[in-house]
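A short write-up of the structure that comes next.
The values are calculated or read from the model by the stated rules, or taken from the named source; none is laboratory data. The shown structure was predicted, so the numbers you read here are calculated from the model rather than taken from an experiment. Positions of Cβ are backbone-derived with ideal geometry, glycine not excepted, and every protein chain shown enters the neighbour counts. Just so you know, the surface numbers come from the protein's heavy atoms only, side chains and all, with ligands and any DNA or RNA stripped out. Shrake-Rupley method; radii C 1.70, N 1.55, O 1.52, S 1.80 Å.
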Amino acid sequence: NAGVTQTPKFQVLKTGQSMTLQCAQDMNHEYMSWYRQDPGMGLRLIHYSVGAGITDQGEVPNGYNVSRSTTEDFPLRLLSAAPSQTSVYFCASRGTLQETQYFGPGTRLLVL
Amino acid sequence: AQKITQTQPGMFVQEKEAVTLDCTYDTSDQSYGLFWYKQPSSGEMIFLIYQGSYDEQNATEGRYSLNFQKARKSANLVISASQLGDSAMYFCAMRAYGRGTASKLTFGTGTRLQVTL
């Protein structure tokens, strides 16, 4: 199993550009989430999904969009990038009967 | 809403010594889970240990143990026999077990641990 994979590992954007951060898992996990990590603030939940076709907002959803068309994939879209979205983004997944969330390696995003 | 507080921004410990990383939490939920994650300089988030709110015994995983004091709402991580490879950022997190909380982990701000010779 590859676990949770994220692409790209690093991305530089200009203000106003859009992009999609990819996340995939091969563990057949129902639950998937996106977090952002900023210095001194720990990880904060952006959006999450409890299954294909079902998504909901987390703590800091503004400026981000998600969809979940398959169990495996949970992409995060930045509609119009802003410097405040410079951060490290983590995707995580969890099985229905598991306690542990497994994290991907992260995507480092710089918005100029 | 849940809140996690980690009051130690940084800690030093000598190799082979034990160290305790503090974590307090706040929640109105009766049922919840507490987690510790390790983040080395390479950046990945590594799960260390889990404690359920109804577990009567403190969780242990190898050199890691979780000192759970429910009345004090604390969930301190104890690392025994520290190794140089334990140098990393450590995050305490919790998840409440209620409607709509299946994927919601709330994290503290972390403690940076440095293990010295």
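Where in chain B is the longest stretch that carries no chymotrypsin sites (Phe, Trp or Tyr not before Pro) classed as loop by DSSP and with at most 15 other Cβ atoms within 10 Å?
So the longest stretch without any such site is B:1-53.
Mind grabbing the interface size between B and A? I mean buried accessible area, both sides, 1.4 Å probe, in Å² to the nearest hundred.
Looking at B and A, the buried total is near 1600 Å².
How much length would be gained if the chain were fully extended between B:Y54 and B:K16, taking 0.36 nm per residue of separation minus their Cα-Cα distance, in nm to one decimal?
That works out to 10.5 nm of additional length.
For the protein assembly as shown, compute the number of Lys pairs whose alpha carbons are separated by less than 28 Å, excluding pairs fewer than 8 positions apart on the same chain.
Taking the Cα cut-off of 28 Å, the pair count is 12.
With a probe of 1.4 Å, find how much accessible area region A:49-112 has per residue, and write the answer as a whole number in Å².
Heavy-atom SASA per residue in region A:49-112 reads 45 Å².
Averaged per residue, what accessible area in Å² does chain B show with a 1.4 Å probe, protein chains only?
49 Å²
Given just the C-alpha atoms of chain A, how large is their convex hull per residue in cubic angstrom?
Measuring per residue, one finds 91 Å³ for the Cα hull of chain A.
Calculate the dipole size of the protein assembly as shown relative to its Cα centre from +1 charges on Lys and Arg beta carbons and -1 charges on Asp and Glu beta carbons; express the result in debye to the nearest 20.
500 debye
Using all alpha carbons of region A:1-59, what is the percent of pairwise distances in each 10 Å bin, ordered from the shortest bin to the longest?
Here the calculated profile for region A:1-59 is 17, 44, 34, 4.
Mind listing P(r) for region A:44-88? All alpha-carbon pairs, 10 Å bins, whole percents.
Histogram of Cα-Cα distances, whole percents per bin: 27, 53, 19, 1.
Can you tell which of B:G108, B:S74, B:A1 lies farthest toward the positive end of the dipole of chain B, using +1 and -1 charges on the Cβ of basic and acidic side chains (Lys, Arg; Asp, Glu)?
Value: B:A1.
When you take every Cα atom in region A:64-109, what is the radius of gyration, and what is Dmax, the widest Cα pair distance, in Å?
When restricted to the Cα atoms of region A:64-109, Rg and Dmax are 12.7, 38 Å.
For region B:1-54, take N as its residue count and report Rg(C-alpha) divided by 2.2 N^0.38 Å.
Against the compact-globule rule of thumb, the ratio is 1.35.
Could you list the GluC sites (Glu not before Pro) in region B:22-117 that lie in coil according to DSSP, counting only those with at most 10 other Cβ atoms within 10 Å of their Cβ?
B:E56
Given Cα positions, please report Rg to Rh for the protein assembly as shown, the hydrodynamic radius being the Kirkwood one.
For the protein assembly as shown, the value is 0.97.
Once you place label points 7 Å from the Cα toward the Cβ at A:R108 and A:K9, how far apart are they in nm?
1.0 nm
Within 10 Å of each Cβ of A:27-40, how many other protein chain Cβ atoms are there on average?
2
Under the Kirkwood approximation applied to all pairs of distinct alpha-carbon atoms, what is the hydrodynamic radius of chain B in Å?
Kirkwood radius, chain B: 14.3 Å.
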